[in-house]
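Here's the structure, in structure tokens; my notes come after.
No value in this document is a laboratory result; all are computed from the given coordinates. As the structure is a prediction and not an experimental result, all values here were calculated from the model. Counting neighbours? That spans all protein chains shown, and the Cβs are built from the backbone with ideal geometry, glycine included.
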Amino acid sequence: MSQSEKARFFQGLHTRKNPLVLYNIWDAGSAAAVAEAGAKALATGSWSVAAAQGYDDGEKIPVSLLARVIERIVETVDLPLSVDFEGAYDTDPQGAADNVAQVLDAGAVGINFEDQIVGGEGLHPIADQAKRIAAIRAMAEKRGIALFINARTDLFLKESNPSRHAALLAEAKERSKAFADAGASGFFVPALVDEALIEDLCAASSLPVNILAMPTAPDATKLGELGVARISHGPFPYRAALEWLRNAAAAVYE
């Protein structure tokens with residue numbers, strides 16, 4: 001498939017009540033393994049990609065190195081690839097768009113784009129984040145690629161007490177609408193695990209909703225019933241793989 005064909009195919013995989021499941025990868029080898037297991041599409045996790053290259057999360061891995069990792073994945077596996085691009089390495093809309101252009105040049109067809117202030121406190125104001133999304137969408141349209149912009153809000157991730165998540169739902173809906181109006185393709189809400197809140201958000205959002213498969217989250221079948229269109233596994237596959245490797249090595253060196 002061409003990059004444009006992959007982008008259209010990837011968009012079509014996001015179906016409410018029949019969620020796309022993404023078992024997140026970090027390099028060409030993990031991409032090949034997940035593809036061989038039957039994946040329809042691939043997605044990186046920023047934490048995993050950074051850690052695999054010896055960096056901390058939080059836009060510490062250079063964009064140039066990340067682009068090379070993306071290129072190797074795309075060269076190795078012929079599936080659509082979405083890249084967790086954190087905050088696009090720039091708060092300025094045009095700067096963010098220029099950085100995302102490098103991800104497109106490397107062959108990806110989707111990004112995760114978060115609203116937290118990377119390296120700072122809190123979230124970007126809704127209007128500011130919408131401007132950045134709009135700039136990224138304009139750049140992708142000029143290139144003729146239907147880039148899947150998975151707009152992530154860290155509202156729930158920043159609030160560690162799940163009992164307070166209900167009070168954040170109104171703002172989540174507001175962000176979903178604003179991001180959709182700006183050109184986003186999906187809405188990612190990591191750390192939201194309450195079934196009633198997930199169902200409410202899915203019903204209210206015009207965008208397909210993405211849930212992170214945290215240990216406390218409902219299972220994939222239940223998430224589909226609630227209206228979820230995409231399920232991500234984030235850093236958990238990398239952590240599991242490294243735990244296995246660590247234990248296997250320990251057994252050898254005992």
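Label point of S163 set 7 angstrom out along Cα-Cβ; within segment 188-204, no amide nitrogen lies under 12 Å from it.
Can you give me the relative contact order of segment 96-254 as a percent, contacts being Cα pairs under 8 Å and 6 or more apart?
Reported relative contact order: 18 percent.
Here each label is just a point 7 Å from Cα along the line to Cβ, and for E5 and T91 those points are 4.3 nm apart. A simple spin-label model places the labels of E225 and A196 1.7 nm from each other, with each point 7 Å out along Cα-to-Cβ.
Taking the convex hull of the Cα atoms, report for the chain its projected area averaged over all directions, in nm². Walk me through the intermediate numbers first.
Working: hull surface 54.2 nm².
Projected area, direction-averaged: 13.6 nm².
Just round it to a whole percent: the fraction of Cα-Cα distances in segment 104-222 exceeding 18 Å. Percentage above 18 Å: 50. The calculated FRET efficiency for the pair T216 and E36, based on their C-beta separation and a Förster distance of 45 Å, comes to about 0.90.
Using the Cα gyration tensor of segment 1-130, with a ≥ b ≥ c the square roots of its eigenvalues, what is the shape: rounded (a/c below 1.5), prolate (a/b larger than b/c) or oblate (neither)? If you can, show how the numbers build up before the last one.
Numbers: a/c = 1.68, a/b = 1.36, b/c = 1.23.
Prolate, since a/c reaches 1.5 and a/b exceeds b/c.
Take the Cβ atoms of D181 and A251, set R0 to 41 Å, and the FRET efficiency comes out at 0.15. Just so you know, the averaged projected area of the alpha carbon convex hull for segment 152-191 sits at 2.5 nm². Its alpha carbons considered, segment 1-75 gives a radius of gyration followed by a Dmax of 13.4, 38 Å.
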